[in-house]
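Report on the structure given below.
The values are calculated or read from the model by the stated rules, or taken from the named source; none is laboratory data. Quick caveat: nothing in here was measured; it's all calculated off a predicted structure. All Cβ positions, even for glycine, are placed from backbone atoms using ideal geometry, and neighbour counts span all protein chains on display. Note: areas computed on protein heavy atoms with side chains; ligands, DNA, RNA excluded. Shrake-Rupley method; radii C 1.70, N 1.55, O 1.52, S 1.80 Å.
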Amino acid sequence: MPKNPNQKLKLLYLYQILLQKTDEEHKMSMEEILQTLARCGVEAERKSIYSDIAALQDFGLDVMLQRGPGGGYYVASRDFELPELKLLVDAIQCSRFITQKKSDELIHKIESLTSEPQARILQRQVYIADRIKTMNESIYYNIDALHTAISAGVQITFQYFEWALNFDAKEKIQKRYRHNGARYQVSPWALTWDDENYYMIAYEPVSDSIRHYRVDKMEHIVLTELQRQGQQLFRDRFNPADYSRKVFGMFSGEEKIVRLRCENRFIGVLRDRFGAEMMIQPLEDGYFAVNVTVAVSPQFFSWVFGLGGGVQILEPPDVRQQFQQQLKQLIE
């Protein structure tokens, strides 16, 4: 009688069954393992399964046996624990730059990193289906191209668009290219994730300055053979974490040192925004002062306003005046 060709795959099927079907809460008896292998077209004896499980343990698979009622074989530990996978699922669902289609694909792949019972728990965790997502499906290719350009140290060209209204068209919200569609040419140096969006940070030679661009609004990226510029600027002054702290909502503005007077209860808000290295000066009861470097912009003023008077701008005078002027415009 010819031997079943699936017998050669017995160890691989056993490996797959244990990973997919078992965890600390879900165990398989030897009889259940034999029955599952039989459904895969593999006939096996108990003695050979004992030997195979020992081989898998030598290979590094953490297979345990719990004896007694309700016991059986199970995979006790994996590269990712369930709480870690839940964090990854949450991060993907909360990321606006990841499209809903790609979110579903990534979460499905994450589910394969755990057992099927625990994968169902992850599925129940997915509840933010109506969160606003980007519509640019090419963002993944953009990110890959930008990483390649940064690693190779070359300049890139691309088109950059924004969303605009056109009430005369069938589609009221339309894509509009900046600079009338002319291609940007910059030297990419870093990628950063801020406020649920991905940004490329680059040296822009025309203004001789550091600029940032939303990756999901970039199109037709081309890597050039020109060597990247701006090395001195980035080597001497640039730190991605500092950059994100200074630039509110990734809206640029003139960088200035601003002195703030804050109620003590807002120390957590200031620390989250500017880091633990702030130099704090105590003032009268219930207040402290701090100097921070920010890109002065309407978004910075909105942040101050949103704290309901608990944070006040003391210096410099011109920034105080700009803030007051913006408040007057809002009132009008």
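Which one of these is part of a loop (DSSP other than H, G, I, E, B), modelled with pLDDT of 85 or more and open to solvent by less than 70 Å² (accessible area, probe 1.4 Å): 48, 77? First the steps, then the outcome.
Details: 48 fails: part of a loop (DSSP other than H, G, I, E, B).
Just a single option satisfies the conditions, and that option is 77.
Given the criteria modelled with pLDDT under 85, closer than 30 Å to residue 229 by Cα and surrounded by 14 or more Cβ atoms within 10 Å (Cβ to Cβ), does residue 142 qualify?
no
If you check 265, 259, 237, which single one turns out to be out of contact with any Lys or Arg (no Cβ under 6 Å at 6 or more places or on another chain), under 23 Å from residue 204 (Cα atoms) and either modelled with pLDDT of 90 or more or open to solvent by 60 Å² or more (accessible area, probe 1.4 Å) (or both)?
Among 265, 259, 237, only 237 is out of contact with any Lys or Arg (no Cβ under 6 Å at 6 or more places or on another chain), under 23 Å from residue 204 (Cα atoms) and either modelled with pLDDT of 90 or more or open to solvent by 60 Å² or more (accessible area, probe 1.4 Å) (or both).
Taking into account only those residues within the stretch 182-227 that are outside any strand (DSSP E or B) and among the β-branched types (Val, Ile, Thr), which is least open to solvent (accessible area, probe 1.4 Å)?
In this case the residue turns out to be 215.
Here is a list: 34, 122, 113. Which entry is modelled with pLDDT of 90 or more, hydrophobic (A, V, I, L, M, F, W, C) and assigned to a helix (DSSP H, G or I)?
None of the others qualify; the one that does is 34.
When only residues in the stretch 1-31 that are closer than 14 Å to residue 75 by Cβ and either among the acidic types (Asp, Glu) or part of a loop (DSSP other than H, G, I, E, B) (or both) count, which is nearest to the chain's Cα centre (by Cα)?
So the residue we want is 23.
Would you check which residues across the stretch 319-332 are closer than 13 Å to residue 301 by Cα and open to solvent by 60 Å² or more (accessible area, probe 1.4 Å) and list them?
320, 321, 322, 324, 325, 328, 329, 330
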